[in-house]
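The values are calculated or read from the model by the stated rules, or taken from the named source; none is laboratory data. Here the structure is a predicted model, which is why all the values come from computation and not from measurement. Every residue, glycine among them, receives a Cβ derived from its backbone with ideal geometry; neighbour counts consider all protein chains shown. All accessible areas refer to the heavy atoms of the entire protein, side chains included, with ligands and DNA or RNA removed. Shrake-Rupley method; radii C 1.70, N 1.55, O 1.52, S 1.80 Å.
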Amino acid sequence: MIPILDSKRQYAQIGDKVEKAVVDVLRSGSYILGENNKEFSKEIASYLDVKHAVTLNSGTDALHLALRALDIGEGDEVISTAFTFVATSEAIGIVGAKPIFVDINADTFNLDAEKIENAITPKTKAIIPVHLYGQPCDMDVIMDIAKRHNLYVIEDACQAIGAEYKGKKVGTIGDIGCFSFYPTKNLGTMGDGGLLTTNSTAINDRVIALRNHGGAIRYHHDEIGVNSRLDEIQAAILRVKLPYINEWNKKRRENAARYNELFKDCADVQTPVELDNTYCVYHQYTVKIPNRDEVHKLLLDNGIGAMLYYPIPLHLQKVHNYLGLTEGTLPITEENTKLVISLPMFPEITPEEQKQVADTLIACIEKTKSKVSA
């Protein structure tokens, strides 16, 4: 079996350091918002080259509190993509705002920046571009639209830590950046974790209060907040892992290039497209293939841990029935959710394993094509 991700291989590389860091926390007696949170916030802010970094319980909380910090709520609209994990639109719904879904670019799977302007109404308050699979969005166009229409930009960089757009780390270009440290992410904890980044001191201070029951001073509560603090143990683990992130992302890119080479003569496999002047970190290596669902089953039967991210677009999910959107509303999104499949991708995957994945995928495609022709 070749899994979609093998976290045990990463642990074999850094396990001794992780275990020491965890034991140090246990022995310290400081378990909530301690020294590791404080130092990690500084270290990750320095890595991303952003003024403020607030540690949180999850990427979902980062998106939620980003909207809260910008006073976006009931009656407001937020433009985003339907081709992503539900946390993006969930955060919009939590604050009482309405998600407005815009179709994607068929090559990058990201929000089609050229279609955003037509979705803007007097109720629009923000745009949430999602850097899906580690591929940066076209931020120049998005920021220009936002500036002209006086809109906030919240970057959902939950899958894209270390990715760059024109030499600038994603999550630092808009008003707010949101990151996830879920264990499967390029930089992952061994539990839940998230981060909010901003260059605004006012936003930073508001989020710090919101994450701790709405109060900047202990036992002084100015508004309804939440309990969203990154666990001290997880902060310590992230401090161990952060120095490796550039190396791990580089290996992911090398692995993506190897896959591209393996598929170069197979017309049935459309490999990922990178925008010019971007640095994609390949949280997932996602291709488009014919007969996707049947091929996916065959891959699993042959021990290849391929995954479907995301088979049902958000606008067709039951949770968004109230929007009244039907099939055909976002044709490019809908078409691509039926074509995409993500292949095993992690820094430690071997060239031999990648060849086995590629050979098996090509063979499975051919098998489904022969069944159709028969």
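The figures follow:
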read-out	value
K318-Y11 pseudo-label distance in nm [points 7 Å out on the Cα-to-Cβ vector]	3.4 nm
Diffusion constant of segment 116-179 at 25 °C, which comes from Stokes-Einstein with the Kirkwood Cα-pair radius and 0.890 mPa s, µm²/s	209 µm²/s
Charge dipole (the chain, unit charges on Cβ, about Cα centre) - positive-most of A66, T350, L308	T350
Peptides ranked, highest mean first, by Cβ atoms within 10 Å: ranges 16-22, 134-140	134-140, 16-22
Considering only the chain, percent of DSSP beta bridges that pair antiparallel, nearest 5	60 percent
Volume per residue of the C-alpha convex hull in segment 216-321, rounded to whole Å³	254 Å³
Unsatisfied cross-links (Cα-Cα over 30 Å) in the set K20/K250; K98/K241; K115/K250; K38/K123; K166/K251; K115/K169	K98/K241; K115/K250; K38/K123
Accessible area of segment 323-374 belonging to carbon and sulfur atoms, whole % at 1.4 Å probe	57 percent
Label-point separation in nm, K147 to K369, each point 7 Å along Cα→Cβ	4.7 nm
Principal axes of segment 304-374: Cα extent on each, largest first, Å	48, 39, 17
Computed E for N118/N277 - FRET, C-beta separation, R0 35 angstrom, nearest 0.05	0.85
Gyration tensor over alpha-carbon atoms, the chain, equivalent ellipsoid semi-axes in Å	34, 27, 17
Residue-normalised accessible area of the chain, given per residue in Å² at a 1.4 Å probe	44 Å²
Carbon and sulfur %, accessible surface of segment 42-185 computed with the full protein complex present, 1.4 Å	46 percent
Per-bin percent of Cα-Cα distances, segment 45-170 [5 Å]	2, 11, 22, 25, 23, 13, 4, 0
Cross-link partners of K355 among aspartates and glutamates (Cα-Cα below 13 Å; sequence separation of 8 or more within a chain)	E261
Relative packing of 146-158, 42-54, 166-178, which averages over residues the other C-beta atoms within 10 Å, highest first	166-178, 146-158, 42-54
In Å, descending, principal axis extents of the Cα set of segment 1-116	51, 42, 26
